[in-house]
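Enquirer: First the structure, then my questions, so here it is.
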Amino acid sequence: MSMSANLLKARDRRRPLSSEGGLQRRHRPDFVLLIISAILLAIGLIVVFSISPALGAQKNVSESYFVNKQLGAILLGIISFAVVSNVPPKFWRKLEIPLLVGACIASIAVRVFGEEINGAYRWIQVGGLSFQAAELIKMALIVWLAGFLSDRKRAGTLGSWKETTKPLLIAFGLIGAIVVVLQSDLGSAAVMIAIMGAMAFVAGFPLKKVALAIAVILVAVSMAIAVSPYRQERVKTFLNPTADCEGASYQACQSLIAVGSGGILGLGLGRSVQAYGYVPEAGNDAIFAIYAEKFGFLGSAILITLFVGLFARIMRTLERAPNEYTRLLAVGVLAWLSTQTIINIGAMVGLLPLKGITLPFISYGGTSLIFVTAAIGLVFSISRYTTYEVNTKTEEGSSNENPASRRGERRTHHTATRRRS
Amino acid sequence: MPPQQSQSKPAGKSANALLRAKMWYVILLVICAIFLVRLFYLQVIRHEYYRTTALQGQFKEYEIPPERGIIEAHNGNQVIPIVLNETKYTLFADPKFIENSADASTQVQKIVGGDVSEYEKLMKLDTRYAILKKKLTKAQSEDIEKLELKGIGTRKASYRTYPQGSLAAQVLGFVNDEGQGTYGIEQYFDDRLKGKPGELKAITDARGVPLVANDDNVVKNPEQGQRVVLTIDVSMQKYLEDLLKKGLDRARSKTGSALIMDPETGAIKAMANFPTYNPSEFAEVKDARAFNNATVSEPLEVGSVMKPLTLAAALDQGAVTKNSSYADPGRFEVDDAIITNVAEAGGPGHKTVRDILEQSLNTGATWLLMQMGGGKINETARVKWHTYMTDHYRFGKKTGIEQSQEVSSSVPDPKDGYGLNIKFANTAFGQGISNTPLQMGAALSSVVNGGTYYRPRLIDKTIDHDGTETIIKPEVLKQNVVKPETSKTITEFMQGVVRRNYLVYGMKQVRPQYKIGGKTGTAQIANPAGGYYDDKFNGTFTGFIGGDKIQYVIVIRVNEPGIAGYAGSKAAGPIFADVSEMLINNFNVLPKSR
């Protein structure tokens, strides 16, 4: 079969779909995304399994306590993935309001009923489970922003102060109020800001305003740091982690020691020492340090490669997203997972200040896992409707023959080949 | 609006959107690449540094305490343990982690008893380690662990345990809370009993608990302490303690000591003191004198039990013979002091050397000293007697028994000082010189065994951690203490003493098939203010029992008996009578073969 015939066939198949609001016909989803996610989950489970006795010993619970809870969390994660991945992307528009309301309630509940840890209110106990409200807020934020931004874009009012910028600033302020002030969770706030920024940026928010937003964020972050001695301490320890290994920089120091002592091949699965009470939060925030200690540079490189692979698959989906709305959803998910990964690993390798944020898929913790799998489910469901080539179409239903859309795009001719793989 | 235009503008924007997404994506990739470089730096280039730093924090050195050696003793032909180790548990709190001290102390109290408010107070101390209670049982410890109280824990601790209770308490000593042997064998042999601690160099968790699965761990097992087998015979010791107690009660005395030794080897068979205590409850002892092994640590003026030794010295030097006799004036004036005898001696008269012992003549002992000086007490006499006391009988020296608190007495210098003649005249009948019961027993042993002074000893053998046995052989400290004939004479004369006085000692009979001999002593007690008390005496008795050979030498001391009569005869004598009877009945004293 000749290349052109192939191409023609592919285009023929797509054509009717393009005409109905940009939604493609449902097809085979991106199983590579699923496989990478599953591998990451498995790695996380193995690490939690191997340090479960150490964590148990520190907390005075049974050796299998942590691994059992993690297994439960993964089960819930699979369920949440199964549910979310079967929700058609456009259905999310109907969930915007419920999600936002839920997020608000959860935020308030955390403050009212939550347990205080280090002056921060982040968790609520529901039965035996603890629920981290920030995860729900992230989800709600992505769903709302995707709808909001795609609407503004279609209306051509992305550059409008009144229509776009002002609501975004209000949302930004609300997040700041809820997450930073009420929950004292700068890490989650950073992730949310990254989600907002990435989505607005990709949606086409004017560059001038992007620059302005960055400036505003910098000011806001500086202020957030200025009002909290706890955060100042963290910045100080970040700038000079080895200055006070026994005191303020203890966590940063111990994480670096864990990472560095891993060497090329690592100490081995059961050989982590730093997990035994040296690195605080060895199961959650610091799990990458423990992983790096166990599996060395080789293991760390593989893990980062897996994350990059995951990002690449999400990127692929968003490039091929059938419409602006789904693309923005995928952008939000990518921003969420990538920012969280970067903040987490960055802190562990001493390149970013400690934030108290989980490493997606790997960290022990139910809420994070359930929402991460939900996010993957969301992208997975979008991947059912992707085009076979990078989709530069707008929702007005333009054809691919549009010369403007063809410009600068070099991968079109490979789509048929790729499909076979 | 032409369709072409309407399409191209949003399409352009879309391309723009993708470009923006790509830009952002590239930044993500760059950050990931930076992370990889950073990881390479940390994990490969700086690995050595971090490995070393990690070990500095993780690697800890511990001492593994060795198990303290047990102490055993004979029981007939068997060897049985009399001091063992027992693992108990110390309940402690780390107040830093106590969340609810009121609740925790209540829960703890339910299991271990005690005072709730006391526990609560301890749980609030500004420390990381507060001991709440010691000596918990295993079951109690397990119950405590089950509570899973934060900041409350138990820790193994080894304690000495005494299957025979207070038996030979002063001989054994005890181990104090710091693990230090205190008094007796425990102190004397502390280093050997303790063993050598092992070492554990291990990677540990942050709390210092060694992680098992690590090849870098270095373990040097502790060298367990030496096992010590005493010469003591447990049942003889029991009998002696009982008889001593009975005898002291009978004599209305509060304190006293007794010992039985083997004159042929120097081995101590039993050694008893009263008052006594239970070493497992040493902390409850109010009067520290109970810890003292007075048989080795409390020299007192011995009284007339010295006379056989004085006679032996005179005989041995040829100053007198066994058949010598003399005209006893009933009193001697020496250095302005007057030496007299007890009323029962009957005043001046013709006396034999045998009478000196049988009638316990102070003037006789003085006369013996005179004979050493060629007829009067002079420097020659003093030096000769001094030589026998210090060189032959080894007075003024420690015997070398394996007891931490042993003391030696001092013997006056024969050439230097004031009133030397009366001083030495006094020593001839046991005043003005203080000896421990053991010194008297060891000296008498050397006289009755034919003239060999064996070091008195309590250790039969020691067994090393690796099973090597070291048998402690009899150790001769002095040969030819006295000549064999002298030995024979003294043994015979001392039997005469018992034959003559057995009814006084409360003996029912003199068993002719055994050699039973002895000498009483009623020693005046020196008044710290000078001179002697008129009404305070110590009763002493040194004696022996055997057949062809003397098997046991026995020393009894009764301090300040509250009954009438001479303390030596009336208070110490009956105990000797009981002890000799006990030995014949239970310990295979071989009768004379002819």
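Enquirer: Could you give the angle, 0 to 90 degrees to the nearest 10, between helix B:101-112's Cα long axis and the longest principal axis of the Cα atoms of chain B?
Expert: 50 degrees
Enquirer: Given Cβ point charges of +1 (Lys, Arg) and -1 (Asp, Glu) and nothing else, what value in debye, to the nearest 20, does the dipole of chain B about its Cα centre take?
Expert: Dipole about the Cα centre, nearest 20: 1020 debye.
Enquirer: Just from the alpha-carbon atoms, what are the Rg and Dmax of the protein assembly as shown in angstroms?
Expert: 48.8, 164
Enquirer: Two decimals is fine: what's Rg over Rh for the stretch B:325-401, C-alpha atoms, Kirkwood radius as Rh? Walk me through the numbers before you get to the answer.
Expert: Numbers: Rg = 14.1 Å, Rh = 13.5 Å.
My calculation of the ratio gives 1.04.
Enquirer: Also, quick follow-up: Counting only residues 5 or more places away or on other chains, whose amide H sits under 5 Å from the amide H of B:Asp328 once H atoms are built in the peptide plane?
Expert: Residues meeting the criterion, in which the H sits 1.01 Å from N, are B:Gly349, B:His350, B:Lys351.
Enquirer: Please report, in debye to the nearest 20, how large the charge dipole of the protein assembly as shown is about its Cα centre when each Lys and Arg carries +1 at its beta carbon and each Asp and Glu carries -1 there. Display every interim value, and only then the final one.
Expert: Details: 114 positive and 89 negative charges, 1143 e Å.
Once rounded to the nearest 20, the dipole reads 5500 debye.
Enquirer: I need the per residue convex hull volume for the stretch A:325-375, using only the alpha carbons, in cubic angstrom as a whole number. Walk me through the numbers before you get to the answer.
Expert: Working: hull volume 3.7 nm³, N = 51.
Convex hull of Cα atoms, per residue: 73 Å³.
Enquirer: What distance in nm separates the simple spin-label points at A:Asp151 and B:Lys96, each placed 7 Å from Cα in the Cβ direction?
Expert: 5.5 nm
Enquirer: Got a sec? Charge dipole of the protein assembly as shown, +1 on Cβ for Lys and Arg, -1 for Asp and Glu; which of B:Ser360, B:Ala343, A:Gly270 is way out at the positive end?
Expert: The listed residue farthest towards the positive side: A:Gly270.
Enquirer: Treating only the Cβ of Lys, Arg, Asp and Glu as charged (+1, +1, -1, -1), what charge dipole size does the stretch B:448-594 show about its Cα centre? Round to the nearest 20 debye.
Expert: On the way: 19 positive and 13 negative charges, 135 e Å.
Value, rounded to 20: 660 debye.
Enquirer: P(r) for the stretch B:232-586: what percent of alpha-carbon pairs falls in each 20 Å bin, starting at zero?
Expert: Going out from 0 Å in 20 Å bins, the stretch B:232-586 shows 32, 59, 8, 0 percent.
Enquirer: Over the alpha carbons of the stretch A:32-386, what is the largest minus smallest coordinate on each principal axis, giving the biggest first in Å?
Expert: That works out to 58, 44, 40 Å along the principal axes.
Enquirer: Related question: Tell me the angle of helix B:138-147 to the major Cα principal axis of chain B, expressed in degrees between 0 and 90 and rounded to the nearest ten.
Expert: Computed tilt is about 20 degrees.
Enquirer: Which residues in the stretch B:400-441 place their backbone N less than 19 Å from a point set 7 Å from the Cα of B:Asp191 along the Cα-to-Cβ direction?
Expert: Counting backbone N atoms under 19 Å from the label point, the list is B:400-406.
Enquirer: From the helices alone, meaning DSSP H stretches of at least four residues, give me the mean residue ellipticity at 222 nm for chain B, per-run term -39500 (n - 2.57), in deg cm²/dmol to the nearest 500.
Expert: It lands at -10500 deg cm²/dmol.
Enquirer: Follow-up. What residues have an amide H closer than 5 Å to that of B:Leu477, excluding those fewer than 5 places away on the same chain, when H is modeled at 1.01 Å from N in the peptide plane?
Expert: B:Tyr453, B:Tyr454, B:Arg455
Enquirer: Moving on. Between the stretch B:543-594 and the stretch A:52-100, what's the alpha-carbon centroid distance in Å?
Expert: The distance from the Cα centre of the stretch B:543-594 to that of the stretch A:52-100 comes to 89 Å.
Enquirer: For the pair B:Glu469 and A:Leu169, how long in nm is the line joining their label points, each one 7 Å along Cα→Cβ?
Expert: Result: 9.9 nm between the two label points.
Enquirer: Of the peptides A:264-274, B:558-568, how do they stack up when ordered by the mean number of other Cβ atoms within 10 Å, highest first?
Expert: B:558-568, A:264-274
Enquirer: Across peptide B:200-210, how many C-beta atoms of other chains are within 10 Å of each residue C-beta, on average?
Expert: 3
Enquirer: Something else: Out of residues 5 or more away from B:Ala73 or on other chains, whose amide H comes under 5 Å of its own, with H placed 1.01 Å from N in the peptide plane?
Expert: Those qualifying (amide H under 5 Å, at least 5 residues apart or on another chain) are B:Ile80, B:Ile82, B:Leu230.
Enquirer: Please work out the FRET efficiency for the pair B:Arg252 and B:Tyr49, using the Cβ-Cβ distance as r and a Förster radius of 60 Å; give the result to the nearest 0.05. Write down the numbers at each step before the final one.
Expert: Details: r = 81 Å, r/R0 = 1.34.
Efficiency at R0 = 60 Å is approximately 0.15.
Enquirer: Moving on to the next point. Going by average Cβ density within 10 Å per residue, which order do the peptides B:406-413, A:143-150 take, highest to lowest?
Expert: Final packing ranking: A:143-150, B:406-413.
Enquirer: Sequence neighbours fewer than 8 away in the same chain don't count; with that in mind, list the lysines whose C-alpha is under 18 Å from A:Lys162.
Expert: Filter leaves A:Lys153, A:Lys208, A:Lys209.
Enquirer: Let me ask another. What list of ³J(HN,Hα) couplings, whole Hz, do you get for the stretch B:259-269 from phi and the Karplus terms 6.51, -1.76, 1.60, once you set θ to phi - 60° and write x for glycine and proline?
Expert: Taking θ as phi minus 60°, the curve returns 8, 10, 9, 8, x, 7, 9, x, 6, 7, 8 Hz for the stretch B:259-269.
Enquirer: What pairs in A:Lys90/A:Lys355; B:Lys220/B:Lys269; B:Lys307/B:Lys415; B:Lys110/B:Lys246; B:Lys134/B:Lys201 have C-alpha atoms more than 32 Å from each other?
Expert: A:Lys90/A:Lys355; B:Lys220/B:Lys269; B:Lys110/B:Lys246
Enquirer: What Kirkwood Rh does the stretch B:175-278 have if only Cα atoms enter the pairwise 1/r average? Answer in Å.
Expert: It works out to 17.7 Å.
Enquirer: Another question, then. Label points 7 Å out from Cα along the Cβ direction at A:Ile214 and B:Val209: separation in nm?
Expert: Roughly 5.0 nm, to one decimal.
Enquirer: Packing-wise, with mean Cβ within 10 Å as the measure, how do B:27-33, B:321-327 rank, highest first?
Expert: Per-residue mean Cβ counts within 10 Å order the peptides as B:27-33, B:321-327.
Enquirer: Mind pulling the angle between the C-alpha long axis of helix B:47-58 and the longest principal axis of chain B? Nearest 10 degrees, somewhere in 0 to 90.
Expert: 40 degrees
Enquirer: Would you mind giving the mean number of other chain beta-carbons within 10 Å of the Cβ of each residue in A:250-258, as a whole number?
Expert: Values: counts 0, 0, 0, 2, 4, 0, 6, 11, 3.
Counting Cβ atoms of other protein chains within 10 Å of each residue's Cβ and averaging gives 3.
Enquirer: Ordered by residue, what ³J(HN,Hα) values in Hz, to whole numbers, does the stretch B:382-397 give under the Karplus form 6.51 cos²θ - 1.76 cosθ + 1.60, where θ = phi - 60° and Gly and Pro are x?
Expert: Per residue, the Karplus-derived 3J(HN,Hα) values read 4, 5, 4, 5, 4, 4, 5, 4, 8, 8, 7, 8, 6, 6, x, 10 Hz.
Enquirer: For the stretch B:309-318, what does the Karplus curve 6.51 cos²θ - 1.76 cosθ + 1.60, with θ = phi - 60°, yield as ³J(HN,Hα) per residue in whole Hz, taken in order and with x for Gly and Pro?
Expert: After applying 6.51 cos²θ - 1.76 cosθ + 1.60, I find 6, 5, 4, 4, 5, 5, 4, 4, 7, x Hz.
Enquirer: Which value results when the Cα radius of gyration for chain B is divided by 2.2 N^0.38 Å? Before the final figure, lay out each step's value.
Expert: On the way: Rg = 37.7 Å, N = 594, 2.2 N^0.38 = 24.9 Å.
After normalising by residue count via 2.2 N^0.38 Å, the value is 1.51.
Enquirer: Computed FRET efficiency, Cβ-Cβ of A:Val112 and B:Lys22, R0 56 Å: what is it to the nearest 0.05?
Expert: 0.80
Enquirer: Among the aspartates and glutamates, which have Cα under 12 Å from the Cα of B:Lys351 when same-chain residues fewer than 8 positions away are ignored?
Expert: B:Asp328
Enquirer: Just to be sure I follow: if Rg is taken over the C-alpha atoms of the stretch A:302-357 and Rh is the Kirkwood radius over the same atoms, what is Rg/Rh? Each step should come with its number before you reach the end.
Expert: Details: Rg = 13.1 Å, Rh = 12.1 Å.
Result for the stretch A:302-357 is an Rg/Rh of 1.08.
Enquirer: To the nearest whole number, what is the average tally of beta carbon atoms from other chains within 10 Å of the beta carbons of peptide A:262-269?
Expert: Average neighbour count from other chains, rounded to a whole number: 3.
Bear in mind that the values in this text are calculations on the coordinates, not laboratory data. Model, not experiment: these values are computed from the prediction. Glycine gets a Cβ as well: all are built from the backbone with ideal geometry, and neighbour counts include every protein chain shown.
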